Structures are given as structure tokens and as C-alpha cells.
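Structure, as C-alpha cells:
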Amino acid sequence: MAFRKALKRTAVIGGGAVATVFGLSQLIEYRKAQARLDNVAAVADLNVPYAEEFPSRQAQLTALRTTEEFDVLVVGGGATGAGCALDAVTRNLKTALVERSDFSSGTSSRSTKLIHGGVRYLQKAIMQLDYEQYMMVKEALHERANLLEIAPHLSAPLPIMLPIYKWWQLPYYWAGIKMYDLVAGIQCLKSSYILSKTKALELFPMLKKDKLVGAIVYYDGRHNDARMNLAIALSAARYGAIIANYTEVVHLLKTKDPQTGKEKVCGAHCRDVITGQEFDVKAKCVINATGPFTDSLRKMDNQQTQNICQPSAGVHVVMPGYYSPDNMGLLDPATSDGRVIFFLPWEKMTIAGTTDTPTNVTAHPIPGEDDINFILREIRSYLSPDVEVRRGDVLAAWSGIRPLVTDPNSKDTQSICRNHIVSTSDSGLVTIAGGKWTTYRSMAEETLDAAIKAHNLSASPCKTVGLLLEGAKGWTPTLYIRLVQDYGLENEVAQHLASTYGVKAFDVAKMAHVTGQRWPIVGKRLVSEFPYIESEVGMVVERQMANLFTSLTRIK
């Protein structure tokens with residue numbers, strides 16, 4: 001009844017349906033309540049074999065070697081692969097996941113840190129009357145809301161400013177941003193709004209003042225992508241999936257179908273990258289979720305198969321925090337070559353990116369100087385002349401390879417829709433390719449639906465909508481205060497632990513060493529400028545199945 005009353009409060013303003021403040025607030029609260037109910041329903045009948053401690057990596061490898069046959073073997077430990085493992089194990093399928101490096105060591109940790117529907121894709125959908133792109137945006141906005149609900153410690157809404165320098169652009173962009181709100185519907189984070197020039201400069205004082213007309217602010221989500229990926233993988237392990245990093249697939253195992261005489265994929269021959277030991281992992285179904293390396297695994301299945309991925313490099317740079325406000329992002333909707341640039345606050349720094357250029361697939365892509373300089377040029381065009389944008393201010397840069405799905409003959413990656421495809425080969429290899437970080441869960445659901453159908457697996461329905469991820473249950477925005485009061489941690493360190501590990505932050509605090517000082521009582525920093533403490537290394541190595549080297553580089 002309350003929901004129907006809230007719907008009646010919707011008003012039609014300026015030719016577009018915009019919920020009134022009161023009505024929208026109730027709709028959002030309804031959505032949150034519904035998400036909590038979804039979570040209760042999802043968790044109610046789930047078995048949690050590892051409610052306390054996770055098995056060690058060695059125990060996981062032993063299980064991989066000794067298990068007679070898994071229902072599903074997922075290859076790839078990025079967001080999509082981890083999502084597939086979590087979806088499979090919560091459907092009561094015997095699940096395994098192998099990753100040749102560390103979880104989220106590739107593209108999934110090199111994103112723009114946004115959870116978004118894709119403003120530019122909605123623009124293309126409207127301008128080109130492309131229904132497929134419209135549905136992709138709609139799906140992504142639904143997944144955005146779900147991700148913010150299931151991992152509140154790792155994600156949060158972020159206001160993003162769109163500066164306007166020409167009067168005619170104001171109604172054009174306003175209509176587009178309002179459409180973005182409308183497509184989100186009741187899952188709209190906060191309604192977008194217009195700012196005057198004075199107010200825009202007050203909120204974003206680094207902006208170029210000359211010819212500035214005003215600005216539009218809309219909301220998307222941001223998240224800690226590497227930790228989010230790990231939370232998904234750990235959640236899968238919590239529910240009983242056997243997961244192992246530094247375990248690569250050497251080749252696929254096949255057997256002949258006695259009825260048809262055709263070869264069928266029945267597992268993979270794997271190698272422990274650390275020890276060199278090799279072993280077979282048998283499975284009824286193998287899922288290829290290797291991102292940019294999708295075609296490599298497909299060619300293990302069939303050398304004659306045609307490529308379906310066209311890799312594109314997305315470069316980001318990290319600048320000092322004074323380049324942006326603490327809690328306001330910036331969108332450049334039309335760069336000099338038509339690409340979109342985001343300018344976002346991140347961990348007291350500023351991230352700027354991304355580029356979109358064709359590239360070759362490598363395990364460790366290196367950002368090119370041309371891409372870095374392109375980003376710096378675009379930054380200069382939006383910032384005040386008082387802010388000297390210097391190459392020396394680039395503190396770090398990374399390149400992530402997007403696994404765009406495309407015709408192998410296409411050369412233009414900028415116009416490619418970042419949708420995904422799920423395909424099953426003649427030998428039964430299930431491949432999930434393309435897509436974006438935000439839609440990892442729905443991609444995993446679609447992949448498992450296809451795998452269950454193709455291999456006639458006995459499984460329950462998908463349970464991942466509303467399913468809280470590792471560290472989320474019991475988390476509150478004020479949890480860090482308890483860490484300060486109960487353990488004597490510095491305020492900044494406590495906030496970092498709470499937003500990185502969620503409720504598991506107490507485990508990190510318990511492992512922290514006494515400083516020998518009056519304050520803080522515990523928590524020795526690894527580097528004085530950053531809130532990372534020594535017990536985090538022990539946490540990720542001992543309890544989160546991370547390799548020591550990767551642990552040190554991941555938290556730096």
C-alpha cells in the first residue's frame with residue numbers, strides 16, 4: 001500500500017516524469033527494504049560450510065586435486081569469474097575456481113572505480129535509437145543499486161559534476177541526465193540538479209571560470225574495485241567453492257561422448273604457478289571467464305575458432321588530491337577526440353581517465369606516454385589556469401584491457417557497445433565475454449543459466465540478488481568508531497579498515513601490534529603517509545589466500 005501511495009506522488013514536470021522529493025525518498029526506502037527482504041530470502045536456505053575460518057590455499061589445492069568431479073570449473077578470478085563461482089555455489093553446484101595470478105590482478109582492479117549505468121551509452125541509445133544499448137544501461141542501473149546494497153563498506157554514491165560552458169548545452173545535457181534518472185526509476189540514487197556558476201565554483205573551485213555558464217550534478221556509485229572482487233571470491237569460498245589463485249590452466253581435458261562420438265570438455269589440466277606441480281581438475285562444465293584472454297582459452301578448445309574479443313586499453317593516471325574536491329567528481333562528456341574523461345577523488349588522491357585505444361593482450365599492460373599526455377591535455381582544458389597541470393604531478397598510472405566483444409574485422413573500439421555475450425562451443429565450453437564491472441552479477445547469472453541448460457545440471461534458482469558480500473553483514477557507517485574506542489587505533493586507520501574489510505576489520509585490529517606509544521595504542525603504519533598497518537599483510541596472507549608479494553603490492 002505504501003508503495004502504491006508513493007507512486008501516486010509522482011509528478012509530471014517539464015514534459016518528463018520526475019518523482020517529488022517526498023515520493024522519491026519513499027520509493028528509495030522501499031527499494032532498500034525490498035533488497036533486505038531479498039537478502040533474507042537468499043540466505044535463508046544457504047549452507048555456509050566455512051562460517052568461521054577459510055581453508056588455506058594448500059587445502060584448496062588439495063581439494064582441487066582430490067575431488068572426483070566438480071559440477072562447474074570457472075577459469076578466471078576477475079569480477080566475472082568470481083561472480084560465476086558465487087552464483088554457482090549458491091545454486092548448490094559443486095564449484096571450483098582457478099586464477100593464474102591473484103584475484104583481481106588484471107582488468108578488474110584497473111577500472112575507473114565507478115559503479116555506473118553509462119551516461120554515454122544512454123546518449124548513444126537515444127541518438128541512434130539503439131534499444132540494445134538502452135537495455136544495457138537499464139540493467140546496469142539495476143545492478144548498480146544491488147551492488148551498493150550488498151557491499152556498503154566498499155561502495156557509496158558519488159556526485160559527479162558536468163560543467164557547462166555554452167548556454168545551448170544546458171537544456172541538452174539536462175534532458176539527458178534527467179533521462180538517466182528516469183531510467184534508474186526507483187533505484188535512482190539521488191536526483192540530479194542544476195548549479196549556478198557561483199555554486200559550481202564553490203563546490204569545485206579548481207574549475208576554469210572563463211565562459212562557465214553553470215553545471216549539472218548527477219549521481220553514480222564508486223567502489224574499491226580490487227577489494228570488491230576479492231569480497232566476491234571470498235564469499236564464494238565462504239559458501240563452499242574451492243578457489244585457488246596462482247593456478248593456471250595448461251590445457252583443457254576432453255572425453256568422447258559415447259552417444260555422439262564428439263569430444264566434450266570435461267575439465268582442465270592445471271599447474272600451481274608457485275610450486276610447478278601439475279594436476280587434473282575434472283568438471284561437468286568448464287566456464288571461460290578470462291576477460292581479455294577469452295580467445296586464448298577458446299583456442300585451447302578449438303584452434304580454428306574465430307576471435308570474438310577486440311581488446312581496448314583504458315589508461316588512468318593518479319594525481320595529487322588538490323586537483324579535485326574530496327567528494328565531487330567531474331565528467332568531460334566530449335573530449336577533443338570524442339572520448340569521455342572522468343576526474344574523480346580516490347583515497348585522498350585524484351584519478352583521471354580513461355582512454356579507449358586498440359591494444360594487444362598482455363598480462364601486464366603498460367600505460368603509454370601518449371595516453372597519459374592526452375589525459376593531461378583534457379584536464380588542462382577544464383581546470384583553472386591557476387592550477388598548473390604538470391607531467392611531474394602524475395604519481396602513478398595504470399592500463400587496463402577491456403575485453404570488448406566485436407566483429408574481429410572492426411577497427412573502431414570507441415563505438416563498440418560494452419555488452420556481453422554468453423556462448424557454448426560444440427564441445428561444451430561455456431564462454432562469458434565482454435560486459436562491464438557493474439553488471440558482473442547479472443552476467444554471472446546468465447552464464448550459469450546457460451551452463452545449467454547446456455550440461456543438464458541439477459541446480460536451484462539464482463540467489464545472488466541481495467546476497468551480502470564478505471564483510472557487509474552488520475557493517476554500519478559508524479563501525480570505525482568502535483575500532484578507535486575498543487582497540488586504540490588512529491581515526492584515519494580505523495576508517496580505512498572499516499571501509500576495506502567491513503566487519504572483518506575487527507579481525508585485522510586483533511592482529512595489530514602494540515605501538516609502544518601513548519597513542520595510537522595499536523596499529524603500526526607501513527608507510528607514515530598512508531593508513532595501511534602491518535597486520536593487514538598478515539590478514540591477506542593468512543586468511544584471504546593472497547600471495548605475499550601480491551598482498552604487499554595490493555595494499556600499497
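The values are calculated or read from the model by the stated rules, or taken from the named source; none is laboratory data. Please read all numbers here as calculations on a predicted model, not as lab measurements. We place every Cβ from the backbone using ideal geometry, glycine too, and count neighbours over all the protein chains shown. Accessible surface is based on the protein model in full, side chains and every heavy atom, while ligands, DNA and RNA are left aside. Shrake-Rupley method; radii C 1.70, N 1.55, O 1.52, S 1.80 Å.
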### Matching residues, region 204-229, being within 30 Å of Gly502 (Cα to Cα) and either touching a Lys or Arg at 6+ places or on another chain (Cβ under 8 Å) or not β-branched (Val, Ile, Thr) (or both)
Tyr218, Tyr219, Asp220, Gly221, Arg222, His223, Asn224, Asp225, Ala226, Arg227, Met228, Asn229
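Table: residues versus (1) under 30 Å from Thr107 (Cα atoms); (2) at pLDDT 85 or above; (3) in the same structural domain as Gly428 (by the TED database); (4) surrounded by 14 or more Cβ atoms within 10 Å (Cβ to Cβ).
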| position | (1), (2), (3), (4) |
| --- | --- |
| Leu27 | no, no, no, yes |
| Ala33 | no, no, no, no |
| Arg36 | no, no, no, no |
| Val40 | no, no, no, no |
| Glu52 | no, no, no, no |
| Ala63 | yes, yes, yes, yes |
| Glu68 | no, yes, yes, no |
| Asp71 | yes, yes, yes, yes |
| Gly76 | yes, yes, yes, yes |
### Query
From the list Tyr218, Tyr193, which residue is over 21 Å from the mean Cα position of the chain (by Cα) and either crowded, with 21+ Cβ neighbours inside 10 Å or without any contact (Cβ under 8 Å) to a residue 60 or more places away in the chain (or both)?
Tyr193
### Task
Can you tell me which residue among Gly240, Gly261 is over 21 Å from Thr431 (Cβ atoms), touching a Pro at 6+ places or on another chain (Cβ under 8 Å) and small (Gly, Ala, Ser)?
Gly240
### Message
Can you say whether Ile421 is β-branched (Val, Ile, Thr), over 20 Å from the mean Cα position of the chain (by Cα) and either under 19 Å from Ala82 (Cα atoms) or surrounded by fewer than 23 Cβ atoms within 10 Å (Cβ to Cβ) (or both), as far as the supplied structure shows?
### Response
no
### Query
Can you pull out the residues in region 516-537 that are within 14 Å of Ala505 (Cβ to Cβ) and either outside the structural domain of Gln495 (by the TED database) or assigned to a helix (DSSP H, G or I) (or both)?
Ser535, Glu536
### Query
When the residues of region 164-178 are filtered to those that are surrounded by 19 or more Cβ atoms within 10 Å (Cβ to Cβ) and touching a residue at least 60 places away in the same chain (Cβ under 8 Å), which remaining residue is farthest from Ala145 (Cα to Cα)?
Tyr173
### Query
Here are some residues: Met136, Met127. Which one is within 26 Å of Ala175 (Cα to Cα) and surrounded by 23 or more Cβ atoms within 10 Å (Cβ to Cβ)?
Met136
### Task
State all residues of region 470-484 that are touching a helix residue (DSSP H, G or I) at 6+ places or on another chain (Cβ under 6 Å) and assigned to a helix (DSSP H, G or I); if no residue qualifies, say none.
Leu479, Tyr480, Leu483, Val484
### Task
Scan region 71-93 and report the pairs whose first residue is closer than 23 Å to Arg227 by Cα and of a type in the set (Val, Ile, Thr) and whose second residue is in a strand (DSSP E or B) and open to solvent by 10 Å² or more (accessible area, probe 1.4 Å), with Cβ atoms within less than 8 Å and a gap of 6+ or a chain change.
Val75/Val249
### Message
Can you find a residue that is at pLDDT 90 or above, under 25 Å from the mean Cα position of the chain (by Cα) and assigned by the TED database to the domain that holds Val217 anywhere in region 431-438?
### Response
no
## Note on the structure
Within region 213-266, residues part of a helix (DSSP H, G or I) and closer than 30 Å to Ala352 by Cβ come out as Asp225, Ala226, Arg227, Met228, Asn229, Leu230, Ala231, Ile232, Ala233
### Message
I'd like to verify a number: residues in region 342-382 that are modelled with pLDDT under 90, part of a strand (DSSP E or B) and surrounded by fewer than 22 Cβ atoms within 10 Å (Cβ to Cβ), how many?
### Response
2
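Quick grid of which residues meet (1) assigned by the TED database to the domain that holds Ile421; (2) part of a helix (DSSP H, G or I); (3) in contact with a helix residue (DSSP H, G or I) (Cβ under 7 Å, 6 or more places away or on another chain):
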| residue | (1), (2), (3) |
| --- | --- |
| Arg120 | no, yes, no |
| Gln123 | no, yes, yes |
| Lys138 | no, yes, yes |
| Leu141 | no, yes, yes |
| Ile160 | no, no, no |
| Trp167 | no, no, no |
| Ala175 | no, yes, no |
| Lys190 | no, no, no |
| Thr198 | no, yes, no |
### Message
Quick check on region 271-285. Is at least one of its residues open to solvent by less than 60 Å² (accessible area, probe 1.4 Å) and closer than 30 Å to His153 by Cβ?
### Response
no
### Query
Would it be correct to say that Val250 is β-branched (Val, Ile, Thr) and touching an Asp or Glu at 6+ places or on another chain (Cβ under 7 Å)?
yes
### Query
Is it fair to say Thr294 is of a type in the set (S, T, N, Q) and surrounded by fewer than 13 Cβ atoms within 10 Å (Cβ to Cβ)?
no
### Query
Looking at Gln304, is it in a strand (DSSP E or B) and open to solvent by 20 Å² or more (accessible area, probe 1.4 Å)?
no
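Rundown of residues vs (1) touching a residue at least 12 places away in the same chain (Cβ under 8 Å); (2) closer than 25 Å to Ser108 by Cα; (3) in contact with a Pro (Cβ under 6 Å, 6 or more places away or on another chain); (4) not acidic (Asp, Glu), yes/no style:
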position: Thr357; (1), (2), (3), (4): yes, yes, no, yes
position: Asp371; (1), (2), (3), (4): yes, yes, no, no
position: Arg377; (1), (2), (3), (4): yes, no, no, yes
position: Ser381; (1), (2), (3), (4): yes, no, no, yes
position: Pro385; (1), (2), (3), (4): yes, no, no, yes
position: Val394; (1), (2), (3), (4): yes, yes, no, yes
